[in-house]
1. Kindly evaluate residue 292 against the criterion of being in contact with a helix residue (DSSP H, G or I) (Cβ under 7 Å, 6 or more places away or on another chain), surrounded by fewer than 21 Cβ atoms within 10 Å (Cβ to Cβ) and under 29 Å from residue 115 (Cβ atoms).
2. Within the range 221-232, which residues are away from the ligand (no atom under 13 Å from the Cβ) and either within 20 Å of residue 328 (Cα to Cα) or part of a loop (DSSP other than H, G, I, E, B) (or both)?
3. Take the conditions modelled with pLDDT under 95 and touching a helix residue (DSSP H, G or I) at 6+ places or on another chain (Cβ under 7 Å) and apply them to residue 149. Does it pass?
4. Here is a check on your reading of the model: is residue 351 surrounded by 20 or more Cβ atoms within 10 Å (Cβ to Cβ), over 22 Å from residue 121 (Cα atoms) and away from the ligand (no atom under 16 Å from the Cβ)?
5. Among residues belonging to the range 242-267 that are touching a strand residue (DSSP E or B) at 6+ places or on another chain (Cβ under 7 Å) and part of a helix (DSSP H, G or I), point out the one that is nearest to residue 126 (Cα to Cα).
6. Select, from 159, 129, the only residue that is at pLDDT 95 or above and either closer than 19 Å to residue 305 by Cα or within 13 Å of the ligand (Cβ to nearest atom) (or both).
7. Need the failing condition index for residue 325 against (1) within 21 Å of residue 156 (Cα to Cα); (2) modelled with pLDDT of 95 or more, just the number.
8. Only one of 171, 144 is away from the ligand (no atom under 12 Å from the Cβ) and either farther than 20 Å from residue 295 by Cβ or surrounded by 13 or more Cβ atoms within 10 Å (Cβ to Cβ) (or both); which?
Ligand code: DAH
C-alpha cells in the first residue's frame, strides 16, 4: 500500500509536468485529488486495514495529498505567469505614435500681462492697491484737480450712474485708475496723520469710457497706475522706474523717452514712450515713428498730495498710468483691442 501511494505520487507529479493549460490542470485535479481518485479511495479504505498498517498508510496518504496540492498550486501559478508572458510577447507598443491631445485651459492674455507687470513692480518694491470701479465725481475728478467744468474732463467721456439727488457729486464708472491714488494716500495717512508713511504702489483695474469703439478704443479696458510718495522723490526716480519696466518688458536694450504734456493731477507732466522693440527705433508697421506711446506720468501735483493727506512741503511723489491692453498688443503683436473681450477661442488659444 505504501509503495502504491509512492507510485501514485510519482505518476501524478510526472503527469503534472505535461499540463499546459487551465482545462488540463482541472482534469488533472479531478483525476488525482478528486472525490473518486485512487487517493481518496485509499482514505476510504483505511478502516479495513490492520491496526499496525493504518497509521502508516494514513500518514503517507496525507503526505501524498499535501504534496499534490502544493504541486497543483505552484503549477497553477506557473501557468498564469506563462500566459502573461505570452500575451506580453505578442503585444506591440508603437512609441512613435502621436500622443492623445488633451484640452488644456490657459490664462487670458490680459491676465498674463497683468501678472507679468505685477512681478516687475513687485521686484521694485511696489505693492498692489485695489480701488473701486464705481466712483464719485469728487474722487474721479475734483480731488485730482479737475474742478467742475474743467476742460480736461472732456478727454475722458464719462458714464454717469443714474442715481438722483447727488448734486455736484454724481456717481460714475471710473474713467481712470488715478482716483485710487487719493484712496491709497488717505488710507495710509490715516495710519499716522502727523507723519504719513511713504507710498510705493501700483493700482491696476478696469476703467470705463464712453468711446467710439474701433481697433484702438474700447469702452472698457485695464489701466495700471503707479504712485510713489516720500521725502525727496524726484523725476529721476520716475524715469528710472519706467526705464526699468521697459527693459523688463521688452528686453535690456529697450529705451524710454518723455514728452512734455499736461494732466491736472501732475506737474510737470509727461507722456512716455518706449523705443519700438520690433524695429529698434527705425520705424515700422507696429510703431510708425520708432517709438511706442505707452501712457502718462509726472510729479504728483501739490493739490493732489494735500488732498491725499500728505504735506507737499515735506513730500514729493511721482505717478504714472497706462493702458494694459496697449502693452499686451505691442508685446504680442495684437492688431485690434476688440479681440480681448470677444472670447473667440481662435484668439484665446494663441496664448
Ligand atoms: N489718468 C490718466 C489717463 O487715464 C493717465 C495718467 C497720466 C495717470 C499721468 C497718471 C499720470 O498717474 O501721472 O489718461
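1. Values: in contact with a helix residue (DSSP H, G or I) (Cβ under 7 Å, 6 or more places away or on another chain): yes; surrounded by fewer than 21 Cβ atoms within 10 Å (Cβ to Cβ): no; under 29 Å from residue 115 (Cβ atoms): yes.
Here the answer is no, as residue 292 does not meet what is asked.
2. Step one: list which residues in the range 221-232 are away from the ligand (no atom under 13 Å from the Cβ), which gives 230-232.
Scanning the range 221-232 gives 231, 232.
3. Taking the combined requirement at face value, the residue does not satisfy it.
4. Values: surrounded by 20 or more Cβ atoms within 10 Å (Cβ to Cβ): no; over 22 Å from residue 121 (Cα atoms): yes; away from the ligand (no atom under 16 Å from the Cβ): yes.
Spelling it out, it is not the case that residue 351 is surrounded by 20 or more Cβ atoms within 10 Å (Cβ to Cβ), over 22 Å from residue 121 (Cα atoms) and away from the ligand (no atom under 16 Å from the Cβ).
5. 242
6. On the way: 159 fails: either closer than 19 Å to residue 305 by Cα or within 13 Å of the ligand (Cβ to nearest atom) (or both).
Going through 159, 129 in turn, the sole match is 129.
7. Only one criterion in (1) within 21 Å of residue 156 (Cα to Cα); (2) modelled with pLDDT of 95 or more is unmet by residue 325, namely (2).
8. On the way: 144 fails: away from the ligand (no atom under 12 Å from the Cβ).
Result of the check over 171, 144: 171.
The values are calculated or read from the model by the stated rules, or taken from the named source; none is laboratory data. Owing to the predicted nature of the structure, the values given are computational and were not obtained by experimental measurement. For neighbour counting, all protein chains shown are included, and Cβ atoms are generated from backbone atoms with ideal geometry for every residue, glycine included.
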